[in-house]
Amino acid sequence: MINDTPIIELADVDQIYAGRGTNVEALRGFTLDLRDGEVLTIVGPSGCGKSTLLNILARLERPSRGTLSFRGVNADNSDVEIGYVTQSDTLFPWRTLLGNVEYPLEIRGVSKDVRRERAVSLLERVGLKGFENHLPSELSGGMRQRGNIVRALVYDPDIVLMDEPFGALDAQTRLVLQDQLQRLCAEERKTVVFITHDLQEAIALGDRVVVMTARPGRIKVVRTVGLERPRDLNRIHEVPRFQELLSELLEALREEVTLAGHGPAGR
């Protein structure tokens, strides 16, 4: 369930990188509120600053200008917990799947029994029961990414950031993981910021969809999806509201992709 109280507030955020002889403006005037429990999906042309935005939200970078707050507290002073899922899995190759998922709890000093129970439960919920003692090299790409996702959820973060987590997967595996993700995030009541190049994926998974402009990245369009959950992702393409949004946002995105092709790549 979505709470109307914002958990993330971005106000007039710019991000500028010093380059050789010139500065690169990655983001300009980025202003957005994200509500507690909301899944926000973001699409935009390559180089428009999507990953830069996630790095700012993860507090890996500080914005050049503007402010970032979590639950009304400046990001520098906030104790909000954030999970980060990248496109490529970052599982430790020398640890079993269970050992990888337990790791965030282990470094927090959680007892072995408690962390084992939590990790086993999450792995079972994404269809990985029986693979707990396998090494990452013994698992398929989709299985590793499932492990990557539950490792980001195991310590119960307030916000989960996802940077094209299904981009490298085949279509069938991607659909399975999309469905598991929507159910898991609903059950865990997570606030999610999900970056994707796939507009259909953005609509299928999101409560709201943001289309970004070509660099410097700004918000071009924000649309509420307005489809009930849980969603049947196998048939969602047949829903009139889905088709309506896809047509509108595809046109907005096409304009920005065209513009992005005329300049140097950003981040």
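Would you check if there is a residue in region 67-86 being touching a residue at least 24 places away in the same chain (Cβ under 8 Å), over 23 Å from Arg189 (Cα atoms) and not β-branched (Val, Ile, Thr)? Let's see the steps before the verdict.
Going residue by residue through region 67-86, those that are touching a residue at least 24 places away in the same chain (Cβ under 8 Å) are 67-72, 80-86.
Okay, now just the ones that are also over 23 Å from Arg189 (Cα atoms), so 67.
If we keep only those that are not β-branched (Val, Ile, Thr) as well, we get none.
Among the residues of region 67-86, not one is touching a residue at least 24 places away in the same chain (Cβ under 8 Å), over 23 Å from Arg189 (Cα atoms) and not β-branched (Val, Ile, Thr), which makes the answer no.
Condition first: among the β-branched types (Val, Ile, Thr) and more than 23 Å from the chain's Cα centre (by Cα). Now tell me which residues in region 1-32 satisfy that. If the condition is that a residue be among the β-branched types (Val, Ile, Thr) and more than 23 Å from the chain's Cα centre (by Cα), then Thr22, Val24 are the ones that fit. Check region 143-150 and report whether any residue there is under 20 Å from Arg118 (Cβ atoms) and either outside any helix (DSSP H, G or I) or among the β-branched types (Val, Ile, Thr) (or both). Yes. All conditions in (1) buried (at least 19 other Cβ atoms within 10 Å of the Cβ); (2) more than 29 Å from Val126 (Cβ to Cβ); (3) out of contact with any Cys (no Cβ under 7 Å at 6 or more places or on another chain) hold for Gly206, with the sole exception of (2).
Among the residues making up region 209-231, a single one is surrounded by 13 or more Cβ atoms within 10 Å (Cβ to Cβ) and either among the acidic types (Asp, Glu) or touching a His at 6+ places or on another chain (Cβ under 9 Å) (or both): Ala214.
Take the residues in region 85-103 that are of a type in the set (Ser, Thr, Tyr) and modelled with pLDDT under 95; name whichever of them is surrounded by the most Cβ atoms within 10 Å (Cβ to Cβ). Talk me through it step by step, then tell me what you get.
First, the residues of region 85-103 that are of a type in the set (Ser, Thr, Tyr): 86, 88, 90, 96, 103.
The next check asks that each one be modelled with pLDDT under 95; those that pass are 86, 88, 90.
Working: Thr86: 17, Ser88: 14, Thr90: 13.
Checked region 85-103; the qualifying residue surrounded by the most Cβ atoms within 10 Å (Cβ to Cβ) is Thr86.
Contact map, region 229-245: first residue within 16 Å of Leu199 (Cβ to Cβ) and in contact (Cβ under 8 Å) with a residue 24 or more places away in the chain, second residue of a type outside the set (A, V, I, L, M, F, W, C) and loosely packed, with under 12 Cβ neighbours inside 10 Å, Cβ cut-off under 9 Å, separation 6 or more or different chains; pairs are Leu245/Gly226.
Per the listing Val209, Val225, Val221, Val193, the residue uniquely touching a Gly at 6+ places or on another chain (Cβ under 6 Å), modelled with pLDDT of 95 or more and under 26 Å from Thr52 (Cα atoms) is Val225.
The values are calculated or read from the model by the stated rules, or taken from the named source; none is laboratory data. All figures in this text were calculated on a predicted structure; none of them were measured in a lab. Because the Cβ atoms are built from the backbone with ideal geometry, glycine has one as well, and the counts that use them run over all protein chains shown.
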